[in-house]
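Read the structure below first, then the notes.
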Amino acid sequence: MPRIVSYALWGSLVLATLGVAQAQPSGASAAAEQNRDALTGSVVDQGTGAPVPGAIVATGSLETTSGEDGRFELSGAPSGWIDLVVVADGYEPLVQRVRRGLPVRLPLTSSGELGGSELITIEEKLKLDGQAARYDVGRDVVRTLPGSGNDALKSLQSLPGAARVPFGLGGLVLRGFAPRDTNVFLDGIEVPILYHFGGLASFFPSTMIESMELVSSGYGSRYGRGQGGLVELRSRSGRSDRWAVGSEVSLLDASVRAEGPAGGGNVSLGIRRSFVDAVLAAVPTGDLTLAPRYLDSQLRWQSRSGKLTALVFGADDGIGLGTSSDRLDARQSFVRAGLRYAERRGDLELSVVPWLGFDRSAIIANENRVIRSNVTAATRATVQRNLQHGFVAAGLDVQGNRYGYTLDSDPPELPTGMMQPARRVDGERWAADLGVWTEVLHRFAGDKLAIQPGLRGERFGLTGEWVLDPRVTLRQQATANVAFTQSIGRYHQPALATAIDYQLPGEPFRASSAWQASAGVNVVSPMLGGDVTANAFGATLDDLPVDVVSGATPVASPGSPASGGAAAASRQFTEEQLGSYSYQASRGRGRTYGVETMVRRRVGQIQGWLSYTYSRSYRQGDPWALERYAPYVLDQPHVLTALATAPLGARWRIGARIRYASGNPITPTAGAFFDTGAQQYVPLSGRVLSERLPAFVQLDVRVDRSWKRPWGTLKLFLDVQNVTNRVNPEGVSYNFDYSSRQYTRGLPIFPSLGLEYAP
């Protein structure tokens, strides 16, 4: 808003200079001159032809704002030629002479404040809307963040409340919740994964994203089926004036995209394929072969009115690991197809999003196969009536699933005394989830206070449960620059279908749940040129799925669920899609609490932020800690991130990011004994997850160079992660008798060099 105000003042000065303040006519001439009518038209992005919503269009004392489709209507516009001033955040102000009765198209030029590169603007919403604290990443946001590898979605991992992810694996660990607890939606369509295998890239290209919103916890009743955070992505409209083709190639992958007018609207399409497998195939590795790869594609169509959007997208990941005698292949893929209809009729807003999905994951190790698939049909519908001091909204969320599985392997070992089941091969199960919700926003006290209560009821088909979740958020605008937010609510998450495959006999699963609470303050400082945000949070968790295994299992053995380190952490990111291959029961409990702070500043083209999160996350209920709480395997008490980007001349830009994070917890060994029967040493475990790996410290640097030509823009980027090649431990391994340990090293220096072309 401060930028829009400054642009409005600038526009007023231009109008005064141009002498467009017209004298009022009188008499018969006045009657003729003041024969006024509405002036209509559209505001569009000059580069892409996409509509620009929220632009202020003004002349003299008349003013209006463009809608979601970029269209505007200026009532009372005089006849004849007039000068319009158009201002919008992220664009240069425009003064254009127009005439009522003629087609009006107002093209805006991006402000280009990063010297031709994309600008990352991450701002917490200050509008008094009764919503929980969230971070909104707009369309001009960033792929120029150091450490992002030219991928805007990876910037989410640098925000407050997000813990560091081991080995750069994909996923978000928000405020002490597990990665599977956070749901991701693209245009209202639920997405199973946010990142490809290894976290090298996100599932959706940055160039097709309009905006991103991250809510670490405390979101409203419109979304369910998750007890952690929420990521909302909105896709960008394609060009509507002409066709354009762009591409990008880097050391990891290559992509091509195209957009333009088609079918009475605009179309965007793209495809990306990695070639890491091809590069590794050419490198001699002896008897070991490693072949990771990923592929994603997208197709989007939007009607000219912007009311109807069709979207098809998908991803396919695979990794092969083998020697001359053993082979392991893992593959994960998904496809989504949806149709979104949104319309506003006066004070009434309607939206319906039906979508279909198919997921498949497979792990094949020699003769053993674990293959899972899921076919989904779902619909989200919302109706909202806007009132003078808020709104009333309600919605329906229906999802049907057909789960199929092939478990051609020996089942995991049951605890002593339980009958071992026979090997299963093929099977399927059907389940339907139903969610209904309502939400009310009311502003009062001169619109300085807002309350937004909501209620969500759901039925989970896999477990046959009915749940009811009340939620409420309060917001106070103390001054023009200071806002307070508080929220509390209950959240339920259905049991994983992959876990039910190995359900403990006689102990049915239940949906897990969490009570969440948070309180925060946001202070906008004109003197600082930015803002300061602080949020305190806490949550209690119940009925979490935990492993039920034999008490003879050595806790400290590498790979054990309670050993901590790399193996236990990796499982947290793959369990939802690939399964856990262990018997589980809904016996777990948890608690998280902490505080996150962020200071953002922007001076001209130099911008950056400093964020710090103190967070503690504990779990209770695993077979080695039934009577007490132990740290969660991804618990990181301290996470500090500092980053900044700045231009060097007109065509260069440089940025750096430094991250510090506490090491993940591990279970130490207290000694070992020799098992004469097995002829091997067996470790004696110390207190579960009572030690930590050394702290993680990493410096990332990025350099961009752009060339603008009449036929388009070329951008060369070099993004180097861990530029100092620091050895960051991610796990622990031991020698044969457990008398000494060594650390598993994290990622070494990792450069990403690429070239991007944009028309």
Considering the range 498-523 alone, what residues qualify as being at pLDDT below 85 and within 25 Å of Leu230 (Cβ to Cβ)?
Thr498, Ala499, Ile500
Evaluation of Ile56 against (1) at pLDDT 80 or above; (2) within 24 Å of the chain's Cα centre (by Cα); (3) under 30 Å from Leu474 (Cα atoms) (one fails), failing number:
(2)
Applying the selection to the range 86-111, what residues are under 25 Å from Arg304 (Cα atoms) and either hydroxyl-bearing (Ser, Thr, Tyr) or at pLDDT 80 or above (or both)?
Val86, Val87, Ala88, Tyr91, Leu94, Leu106, Pro107, Leu108, Thr109, Ser110
Anything in the range 262-276 that is in contact (Cβ under 8 Å) with a residue 24 or more places away in the chain and either in a strand (DSSP E or B) or of a type in the set (S, T, N, Q) (or both)? List them, or say none.
Ala262, Gly265, Asn266, Val267, Ser268, Leu269, Gly270, Ile271, Arg272, Ser274
Test: Arg180 is basic (Lys, Arg) and surrounded by fewer than 23 Cβ atoms within 10 Å (Cβ to Cβ)
yes
Do we find a residue being farther than 19 Å from Ala365 by Cα, at pLDDT 85 or above, out of contact with any Pro (no Cβ under 9 Å at 6 or more places or on another chain) and surrounded by fewer than 18 Cβ atoms within 10 Å (Cβ to Cβ) anywhere in the range 239-249?
yes
I'd like to verify a number: residues in the range 383-403 that are free of Cβ contacts under 8 Å to residues at least 60 places away in the same chain and under 23 Å from Gly446 (Cα atoms), how many?
8
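Of these, Val245, Val184, Val249, which one is under 21 Å from Leu496 (Cα atoms) and either assigned to a strand (DSSP E or B) or without any contact (Cβ under 8 Å) to a residue 12 or more places away in the chain (or both)?
Working: Val245 fails: under 21 Å from Leu496 (Cα atoms); Val249 fails: under 21 Å from Leu496 (Cα atoms).
It is Val184.
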As an exercise: evaluate Glu123 against (1) in a strand (DSSP E or B); (2) more than 25 Å from the chain's Cα centre (by Cα); (3) modelled with pLDDT under 70 and give the number of the one condition it does not meet.
(2)
From the list Arg257, Arg225, which one is modelled with pLDDT of 90 or more and at positive phi?
Arg225
It is to be established whether one or more residues within the range 351-361 are at pLDDT 90 or above and among the charged types (D, E, K, R).
yes
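Before we move on, is Arg175 in contact (Cβ under 8 Å) with a residue 60 or more places away in the chain and surrounded by fewer than 24 Cβ atoms within 10 Å (Cβ to Cβ)? Break it down into steps so the answer makes sense when it comes.
Numbers: in contact (Cβ under 8 Å) with a residue 60 or more places away in the chain: yes; surrounded by fewer than 24 Cβ atoms within 10 Å (Cβ to Cβ): no.
Criteria not met by Arg175.
What number of residues within the range 359-380 satisfy the criterion of being surrounded by 15 or more Cβ atoms within 10 Å (Cβ to Cβ) and either within 23 Å of Leu396 (Cα to Cα) or in contact (Cβ under 8 Å) with a residue 60 or more places away in the chain (or both)? Quick ask: steps written out before the conclusion?
Here is the first cut: in the range 359-380, the residues surrounded by 15 or more Cβ atoms within 10 Å (Cβ to Cβ) are 359-365, 369-376, 378-380.
Now narrow it down to the ones that are either within 23 Å of Leu396 (Cα to Cα) or in contact (Cβ under 8 Å) with a residue 60 or more places away in the chain (or both): 359, 361, 363, 370, 372, 374-376, 378-380.
Counting residues in the range 359-380 that are surrounded by 15 or more Cβ atoms within 10 Å (Cβ to Cβ) and either within 23 Å of Leu396 (Cα to Cα) or in contact (Cβ under 8 Å) with a residue 60 or more places away in the chain (or both) gives 11.
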Does any residue of the range 500-512 turn out to be without any contact (Cβ under 8 Å) to a residue 40 or more places away in the chain and surrounded by fewer than 19 Cβ atoms within 10 Å (Cβ to Cβ)?
yes
Please verify whether Arg180 is under 29 Å from Val701 (Cβ atoms) and either assigned by TED's automatic domain parsing to the domain that holds Asp469 or at pLDDT 85 or above (or both), treating the condition exactly as stated.
no
Cβ-Cβ under 6 Å pairs, at least 6 apart or on other chains, the range 608-637 side surrounded by fewer than 21 Cβ atoms within 10 Å (Cβ to Cβ) and part of a strand (DSSP E or B), far side among the basic types (Lys, Arg) and at pLDDT 90 or above:
Tyr618/Arg591; Gln620/Arg589
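Is there a residue being in a strand (DSSP E or B) and closer than 18 Å to Ser148 by Cβ anywhere in the range 720-742? Walk me through it before giving the result.
Looking only at the range 720-742, we keep the residues that are in a strand (DSSP E or B), and these are 720-721, 729-734, 741-742.
Narrowing the set further to residues that are closer than 18 Å to Ser148 by Cβ leaves 720-721.
Scanning the range 720-742 turns up at least one residue that is in a strand (DSSP E or B) and closer than 18 Å to Ser148 by Cβ.
The values are calculated or read from the model by the stated rules, or taken from the named source; none is laboratory data. It should be emphasised that the depicted structure is a prediction, and the values quoted were computed from it without experimental measurement. FYI the Cβ positions are ideal-geometry reconstructions off the backbone, even for glycines, and counts take in every protein chain you see.
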